[in-house]
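The structure appears right after this line, and notes come after that.
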């Protein structure tokens, strides 16, 4: 078990900054990596897998959803990375109105990697997760990468947004081949403009994978009434 966990621990340390007292901004081989939300309308969770309905191109990504009674699977995807290096881990957070019966209600989360380190109450708004694959046996080299998916319903207009992980204020990926003491060379901080969101009831959502949408200066988003999550990066 120790031998199997060692690659996971190295990747997790690279993402979290190991024992650094202050979070560091790192730039590895993927300076323009994106984290995208993709919505798929479903009747129920039955039959949904990590690879059921992944987009084959940027034009197939859906970021706008309807209100209840329509249910959705919202995939978290990694795109625009160096497929020669591959990806071994990612960390991020989520923001939305998590009041019951108001805005987005997330029923469940399905991790599509080998292991995860969610904070307490994940996937509640304002929480985050750190997710890893085994970099030796399961390096992710095919784009887009399916990190996991939420099963949800929106009961009033709201925005489900990917944000930096609140515990350290960072959204980050780690490539395969992480070695002790080389975290800064194998990890990339995800720029705020490269974190996507999905809108429900109104608004088009935001797909940073699409070069027509990916702008360095995004319009300011005012949090909706009752929103409990962070509004970082809007």
* Tally time: how many residues in the stretch 155-186 are at pLDDT below 90 and either buried (at least 22 other Cβ atoms within 10 Å of the Cβ) or closer than 20 Å to residue 209 by Cα (or both)? -> 3
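One line per residue, one yes/no per condition, for (1) modelled with pLDDT under 95; (2) closer than 17 Å to residue 201 by Cα:
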site	(1), (2)
4	yes, no
13	yes, no
28	yes, no
36	no, no
42	yes, yes
45	yes, no
66	no, yes
92	no, no
104	no, yes
* To do: May I ask you to list the residues in the stretch 194-234 that are farther than 20 Å from residue 98 by Cα and at pLDDT below 75?
  => 215, 216, 217, 218, 219, 220
* **Members of the stretch 61-94 that are part of a loop (DSSP other than H, G, I, E, B) and either in contact with a helix residue (DSSP H, G or I) (Cβ under 8 Å, 6 or more places away or on another chain) or within 24 Å of residue 174 (Cα to Cα) (or both)** => 61, 80, 81, 82, 83, 84, 85, 86
* Run residue 97 past the list (1) over 15 Å from the mean Cα position of the chain (by Cα); (2) assigned to a strand (DSSP E or B) and report the number of the one that doesn't hold. => (2)
* **Condition met for residue 105 (under 24 Å from residue 40 (Cβ atoms), touching a strand residue (DSSP E or B) at 6+ places or on another chain (Cβ under 9 Å) and not in a strand (DSSP E or B))** => no
* Kindly indicate whether residue 113 is in a loop (DSSP other than H, G, I, E, B) and either surrounded by fewer than 19 Cβ atoms within 10 Å (Cβ to Cβ) or in contact with a strand residue (DSSP E or B) (Cβ under 6 Å, 6 or more places away or on another chain) (or both). => yes
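The values are calculated or read from the model by the stated rules, or taken from the named source; none is laboratory data. These numbers were taken from a predicted model, which means no experiment stands behind them. Here the Cβ is made from the backbone with ideal geometry for all residues, glycine too, and neighbour counts use every protein chain on show.
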